[in-house]
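K.L.:
Handing you a structure now.
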Amino acid sequence: MPTHTTYPGVYVEELPSSIRSITTVTTSVTAFVGHTRRGPLNQPVQITSFADFERRFGGLTSQSPVAYAVHQFFGNGGTVAVIVRVAKAGSGKEAHVTLESTEGHSQCPVLKVHAKEPGVWGSGLRVAVDYDTPTRRPTTTPAGDASRRPSCEATFNLQVLDAHGTARESFSGLSMDPGHGKYAETVINAGSALIRVQVVGEGRPDPSGTVSKAFHHELPDLNVDVTVKIGEVEREFTLYDPDCDGEAPCNVTELALLLEHKLRALPDAPGKHAFAGAEVTPFGRRIQVVAGSVDPDDVVRFLGECANDLGLEASVNPPVFPLCGGEDGDPPGPLDIIGSEARKSGLQALRDVHDVNLLALPELASYASVDDMITVLSAAERLCKERRIFLLVDAPATWGSVDAARAGIAAFAPVRGNHSGLYFPHLQLTDPLSGRLRSFPPSGAVAGVIARTDSERGVWKAPAGTEARLAGVHSLTVKLTDRENGLLNPLGINCLRTLPVVGPLIWGARTLDGADALESEWKYIPVRRLALHVEESLLRGLQWVVFEPNNEQLWQQIRLNASAYLHSLFEKGAFKGGTPRQAYFVKCDKDTTTDEDIERGIVNVVVGIAPVRPAEFVIVKIQQMAGQFDV
């Protein structure tokens, strides 16, 4: 804003900088697509630890290669992963329960509760309902609407518990009225990670446990014998004994405390906590009695005439309402993993994720048909090219020898691209579930090593060599010699080796396009990944250019910003050459952008880099000297 000069003197203005820095993007966020025990279907979920995976996707299961791959990823140095759960189309069911209401009318369903995701895990959920909540103020009648009278709507609380009775989520003050600020369907569906609900009727769902009738202001005679039955255990006690219990309760709250004390003092069945953990809650003029158990069979029943006179059994329900009927989805087939771009399912769900650099599909290694494997890899390769992702390919489990690998690599001809690398053989690790040695596809561990290498050295360092150790690996399914490694490396197969002292490690850094016969300029994985990193960083860092005046001033700013970014990589050792001129160049001027380009709204930027290639072959020449030489 121009300074408004009013007096003779010196004025100071702050001018905005013309330099817009280009920030480097992530390099090792790994996406895993496949079957898991639970989790949202076809939705990418970012996690930062295996504990996150256990919470969101159910942890390890023998049916999920993805689960083990994620475990190995974090065990080898991975930091951020994106998980896409995929199941066979049409398989899997959500656990559910329908809550009913007897409030003010005959019994009818009012609230359907579903586990938020398909799977048997949902059958371990329980929901509990209580009315211990303030009553909403009377709603006023709209002006001119004489047919409606002020009404007083009660609310309720809903709690979600696991199979052990631990509260996982709580929602209070819910209403069944769509016009209420805490409408149950809106509040729960937006705030719960475990369930979703659907309102299907009028009236609050009945509370859990046993609910009494409404007591009058003056309580009835409490010096009576009461029989209570929880599950199969029946006990008898005196509700109020003047000689032992002191002053008699004078309100519902004191009655609730007395009853809870009496119930907890009764002997439990062996191994049970139904009586000892019983809870009695007052609300309004009523009390709610819930057994100290999450066993749906532990219903609290008060028996006999005295109980009827006191109204202790106006409504009887289990202590919790269990969800049931959940079924795990079947493992996905090739078409399920490929997914639909229109529905953004399977692999296509990654199109909405911006920060994914590596892709692992560990389920493909166990496919009986190589054609199915190639079909999925073809779709994955196309996605990787479009989204600048590098694909980690597991060797088929059937490759049990060097000869099998040499013969089988020919089938990968349709997917020999420079956005992917193949690793052989499989890993032998101790299964945390069974304690036995099992073989696993290597992509998860390889992704972790790549993440660790990027963090310690940079994306331009080949994720191979003595620093690329495979943590937790007992052995390899095929033990390779130097000569056998020499047969596979020229074919573009990255070998995993076991070297003395160091142990299991990655001993190859070629893309699938890196076979010697192909003579590709994208032969090496670090060269390809460095280029992808630079492309993505420039793509995001130059977004500000769009709609700017296409003139020399803009071109100069582009050259300055891009050169500053590339120079930072040069200083870290990403490029070869002793000077910046030898390492990179940025060209954006009238030679790259002609008058015709300007008329069409185009600005052309040409960037060149000299990547550092790995020292794949180290040759040491030794010569024997004869005699002594004076220096």
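K.L.:
What chymotrypsin sites (Phe, Trp or Tyr not before Pro) does segment 487-551 have in DSSP loop regions with at most 11 other beta carbons within 10 Å?
P.N.:
Those satisfying the criteria are PHE547.
K.L.:
Moving to a separate point now. Going 7 Å from the Cα of THR594 in the Cα-to-Cβ direction, what parts of segment 529-567 have a backbone nitrogen less than 20 Å from that spot?
P.N.:
Answer for this model: 550-552, 555.
K.L.:
Follow-up question, since we're still on this one. What's the extension gain from GLU519 to ASP355 if we count 0.36 nm per residue and subtract their Cα-Cα distance?
P.N.:
So the extension gain works out to 56.0 nm.
K.L.:
Percent of accessible area on the chain owned by carbon and sulfur, 1.4 Å probe?
P.N.:
For the chain, the apolar C and S fraction of the accessible surface comes to 51 percent.
K.L.:
Translational diffusion coefficient of segment 548-630 at 10 °C, 1.306 mPa s, Stokes-Einstein with Kirkwood Rh over Cα pairs, in µm²/s as a whole number.
P.N.:
It diffuses with D of about 99 µm²/s by this estimate.
K.L.:
Going toward the positive end of the dipole of the chain, with +1 on Lys and Arg Cβ and -1 on Asp and Glu Cβ, which of PHE547, ALA31, HIS180 do you reach last?
P.N.:
The residue sitting farthest along the positive end of the dipole is PHE547.
K.L.:
Under a point spin-label approximation (7 Å from Cα along Cα-to-Cβ), what is the GLU571-SER434 distance to one decimal in nm?
P.N.:
Once both label points are built, they end up 5.4 nm from each other.
K.L.:
Of all DSSP beta bridges located in the chain, what percent are antiparallel, nearest 5?
P.N.:
About 75 percent, rounded to the nearest 5.
K.L.:
Could I have the simple spin-label model distance between ALA407 and ALA163, label points 7 Å from Cα toward Cβ, reported in nm to one decimal?
P.N.:
It works out to 4.6 nm between the two label points.
K.L.:
Ranked highest first by average number of other Cβ atoms within 10 Å, how do 450-462, 362-374 line up?
P.N.:
Result, highest mean first: 450-462, 362-374.
K.L.:
Within segment 215-257, report the GluC sites (Glu not before Pro) that DSSP leaves as loop and that have at most 12 other Cβ atoms within 10 Å.
P.N.:
GLU218, GLU232, GLU247
K.L.:
So if R0 is 35 Å, what FRET efficiency would GLU535 and ALA626 give, r being the distance between their Cβ atoms, rounded to the nearest 0.05?
P.N.:
Calculated transfer efficiency: 0.05.
K.L.:
Using a Förster distance of 30 angstrom, determine the FRET efficiency expected from the C-beta separation of ALA248 and GLU305, and round it to 0.05.
P.N.:
Taking R0 as 30 Å, the efficiency between ALA248 and GLU305 is 0.90.
K.L.:
Could you tell me which residue out of PRO611, GLN624, GLY573 lies farthest along the dipole of segment 548-630 toward its positive end? Charges go on the beta carbon: Lys and Arg +1, Asp and Glu -1, centred on the Cα centre.
P.N.:
My answer, from the dipole projection, is GLN624.
K.L.:
Please tell me which of these pairs span more than 22 angstrom C-alpha to C-alpha: LYS479/LYS523; LYS461/LYS576; LYS461/LYS587; LYS112/LYS229?
P.N.:
From the list (LYS479/LYS523; LYS461/LYS576; LYS461/LYS587; LYS112/LYS229), the Cα-Cα distance tops 22 Å for LYS479/LYS523; LYS461/LYS587; LYS112/LYS229.
K.L.:
Right, here's the next one. Length gain on complete extension for the stretch ASP330 to LEU554, per 0.36 nm per residue less the alpha carbon to alpha carbon distance?
P.N.:
75.1 nm
K.L.:
Something else now. How far apart, in nanometres, would the label points at SER315 and GLU386 be if each is projected 7 angstrom from Cα along the Cα-to-Cβ direction?
P.N.:
5.3
K.L.:
Starting from the Cα of SER366, step 7 Å toward the Cβ, then list every residue of segment 26-43 with an amide N under 20 Å from that point.
P.N.:
The answer is 31-42.
K.L.:
Rounded, prolate or oblate, given the Cα gyration tensor of the chain, with a/c below 1.5 counting as rounded?
P.N.:
Cα axes put the chain in the prolate bin.
K.L.:
Nearest 20 debye, what's the magnitude of the dipole of the chain about its Cα centre given +1 on Lys and Arg Cβ and -1 on Asp and Glu Cβ?
P.N.:
2540
K.L.:
Please compute the length gained on full extension between LEU499 and ASN189, using 0.36 nm multiplied by the number of residues separating them and subtracting their Cα-Cα distance.
P.N.:
So the extension gain works out to 106.2 nm.
K.L.:
Let me ask something else about it. Largest first and in whole Å, what are the equivalent-ellipsoid semi-axes of segment 235-329 based on the Cα gyration tensor, each being the root of 5 times an eigenvalue?
P.N.:
Rounded to whole Å, the semi-axes are 28, 16, 12.
K.L.:
Give the peptides 175-182, 480-487, 581-588 in descending order of average Cβ contacts within 10 Å, highest first.
P.N.:
Peptide ranking by packing, descending: 581-588, 175-182, 480-487.
K.L.:
Treating only the Cβ atoms of Lys and Arg (+1) and Asp and Glu (-1) as charged, compute the dipole magnitude of segment 548-630 about its Cα centre; round to the nearest 20 debye.
P.N.:
500
K.L.:
On to the next question. Compute the FRET efficiency between GLN107 and LYS229 as 1/(1 + (r/R0)^6), taking r as their Cβ-Cβ distance and R0 = 22 Å, and round to the nearest 0.05.
P.N.:
According to the calculation, E is roughly 0.50.
The values are calculated or read from the model by the stated rules, or taken from the named source; none is laboratory data. Computed from a prediction, not measured in an experiment: that's the story for all the values here. Don't worry about glycine lacking a Cβ; one is built from the backbone with ideal geometry, like all the others, and counts go over all protein chains shown. For accessibility, only protein heavy atoms count, side chains too; no ligands or nucleic acids. Shrake-Rupley method; radii C 1.70, N 1.55, O 1.52, S 1.80 Å.
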